[in-house]
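Input: a single structure, listed below in structure tokens.
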Amino acid sequence: MKLSSISDDFFELVKFDKELMDNTNRRPYLIILRLKYSGIRQDFAVPFRSNIDSNTPKDQYFSLPPRKTTQKHHVHGLHYLKMFPIKSEYLRKFNVENNPYYATLLGIINKNLKTIVKDAQKYLDDYQNGRKQRYCTNIDGIYLAMNQILEVKDVAPAKENNNG
């Protein structure tokens, strides 16, 4: 587990996915190593989001202390719906040195890492079993594009499950 930002090259490769968080100001991501996806272990990037709607089901995110940009009736946290597979070649250093806020977040994350990994894996399992949530990233398409299995123009958008 580590904090990282993601290269612009990655976002250019997967620009077909409109649910990916923008990359302005090199947004930080929690990199969870080795979640099981498509029968293999794969690294995933889970974005920090400062304004998750407070009505969002609790199993879709891990709550963290609010940022100064967190609005009323919203929460700050790691949002599983917006996570995606990632390769190390797309990771960029995210400097957290001398930042007490990120030191606090890392302490909370490390203390709850087993829960975060378990919840992220459950979300992935549900996704692979066809229980895709509205506004989720297209994990299948990103995986295929990143691994050059399909050309990006051939990637279909993720289908949502309106039951969740």
- Task: Name all residues of segment 111-142 having a backbone nitrogen under 11 Å from the label point set 7 Å from the Cα of residue 34 along its Cα→Cβ direction, giving them as ranges.
- Result: none
- Message: Test of understanding: in a Gaussian network model of the chain with alpha carbons linked when under 10 Å, which of 35, 113, 81 would top the mean-square fluctuation ranking?
- Response: 113
- Message: Could you tell me the relative contact order of segment 1-126? Use alpha-carbon pairs under 8 Å, at least six residues apart, and round to a whole percent.
- Response: 26
- Item | Among 39, 141, 107, residue whose mean-square fluctuation peaks in a GNM of the chain (springs only between Cα atoms under 10 Å) | 39
- One-quarter of the Cα convex hull surface for segment 42-97, in nm²? 4.8
- Item | lysines with Cα under 18 Å of residue 18, excluding same-chain neighbours fewer than 8 positions away | 82, 132, 153, 159
- Task: Once you have the Cα-Cα distance between residue 135 and residue 23, take 0.36 nm times their residue separation minus that, and quote the gain in nm to one decimal.
- Result: 38.6 nm
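Since every read-out is calculated from the coordinates, none of them should be taken as a lab result. Bear in mind that the values here come from a model prediction, so they are computed numbers and not experimental data. So basically every Cβ, Gly included, is an ideal-geometry build from the backbone, and we count neighbours across all protein chains shown.
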